[in-house]
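Only one structure is covered here, and it is reproduced in the block below.
Nothing in this text is a laboratory measurement; each read-out follows from the coordinates by a stated rule. Predicted model only: the values in this text are computed from it and were never measured. Reconstructed Cβ throughout: ideal geometry from the backbone, glycine too, with neighbour counts over all protein chains shown.
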Amino acid sequence: MKKYFALLLAGVMALSLAACGGSSSAPAAPAETQKEETAAEAPAEETPAAEEAAADIKTVEAGKLHMATNAAFPPYEMISDNGGFEGIDVEIATLIAQKLGLELVVDDMEFGSVITSVQGGKSDIAMAGLTVTEERKQNVDFTESYATGVQVIIVPEGSDIQTVDDLANNKMIGVQDGTTGYIYCSSPVEDGGYGEDHVTSYPNGAMAIEALKGGKVDAVVIDNEPAKAFVQANAGLKILDTEYIVENYAIGISKDNNGLRDAVNNALKELIADGSVKLIVDKYINAEN
Ligand code: ARG
């Protein structure tokens, strides 16, 4: 167990050790549906951030804020029953766009593409439960952190995997491609991981969960909130009660667009300060957790 956490601690991001109790969670409150092009019927309120920003904001498409995400990561981003996008990130991004007088457009893609989409000038922001890491900081600038995540282990009920140590017992681990869970687990044993040979990566968390249910992998390592959502939606799975490491989620923005970066960061800071972010988080994540 220590090995895994030593790796996490030595890892690429600012981390703090945290204990987290259990895996119980109430169903996410039904969210208002976001259309792909979130309607900005009401003109955005002119806040100081918006006024300042509006002058020198350059976005990929005039009047729009394109958000690169992978909408298979509940409760941060997912596809709603009627085919729109919803989730914590989608709602926060909608408010940021409003503050900047822009209309949010969700660009759904594989998680591994969200940073390159911003780097390549196809999307304005990467917002995807995206963990801040030193390596990613080479490629994009990050805003303030607006949420935290922790990597947890999902196993079938009755699994002989009971601790992080047991994962080293010649087990196959399923992860989402390109995520921090993938990076930790696939790193060499001498670096505290389990080695590439013991990891299968899937395009998204739901597919990793299907593989777990089908016995193709022995465990899935994924962020805690999606883990809770997946376990709730799939009988016979559980989250191991083990130690946790906290990661910071933030918004990634092009290194070549300081105007947009500052505007988005200021808008986010205002939304954190006035309690809007907390309201959104509470709506999707039961406060008792
Ligand atoms: N927090 C993890 C990371 O940044 C996983 C994020 C996956 N997000 C998603 N929308 N699929 O690597």
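Computed values, structure above
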{"quantity": "Residue among Glu134, Glu144 that alone is more than 13 Å from the chain's Cα centre (by Cα), more than 10 Å from the ligand (Cβ to nearest atom) and more than 17 Å from Asn257 (Cα to Cα)", "calculated": "Glu134"}
{"quantity": "Test: residue in the range 235-244 that is within 16 Å of the ligand (Cβ to nearest atom), within 25 Å of Ile285 (Cα to Cα) and assigned to a helix (DSSP H, G or I)", "calculated": "no"}
{"quantity": "Of all residues making up the range 246-289, the number that are within 19 Å of the chain's Cα centre (by Cα), part of a loop (DSSP other than H, G, I, E, B) and crowded, with 18+ Cβ neighbours inside 10 Å", "calculated": "2"}
{"quantity": "Which listed residue, of Gly181, Gly193, is more than 25 Å from Ile280 (Cβ to Cβ) and surrounded by 15 or more Cβ atoms within 10 Å (Cβ to Cβ)", "calculated": "Gly193"}
{"quantity": "The range 200-218: number of residues that are in contact with a helix residue (DSSP H, G or I) (Cβ under 6 Å, 6 or more places away or on another chain) and either part of a loop (DSSP other than H, G, I, E, B) or more than 20 Å from Thr131 (Cα to Cα) (or both)", "calculated": "2"}
{"quantity": "Residue in the range 69-90 that is surrounded by the most Cβ atoms within 10 Å (Cβ to Cβ), counting only those that are more than 9 Å from the ligand (Cβ to nearest atom) and within 10 Å of the chain's Cα centre (by Cα)", "calculated": "Ile88"}
{"quantity": "Residue match in the range 154-176 (condition: under 18 Å from Met78 (Cβ atoms) and either small (Gly, Ala, Ser) or within 13 Å of the ligand (Cβ to nearest atom) (or both))", "calculated": "yes"}
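Yes or no, residue by residue, for (1) of a type outside the set (S, T, N, Q); (2) in a strand (DSSP E or B); (3) in contact with a Ser or Thr (Cβ under 8 Å, 6 or more places away or on another chain):
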residue	(1), (2), (3)
Asp107	yes, yes, yes
Ile115	yes, no, no
Cys185	yes, no, no
Gly193	yes, no, yes
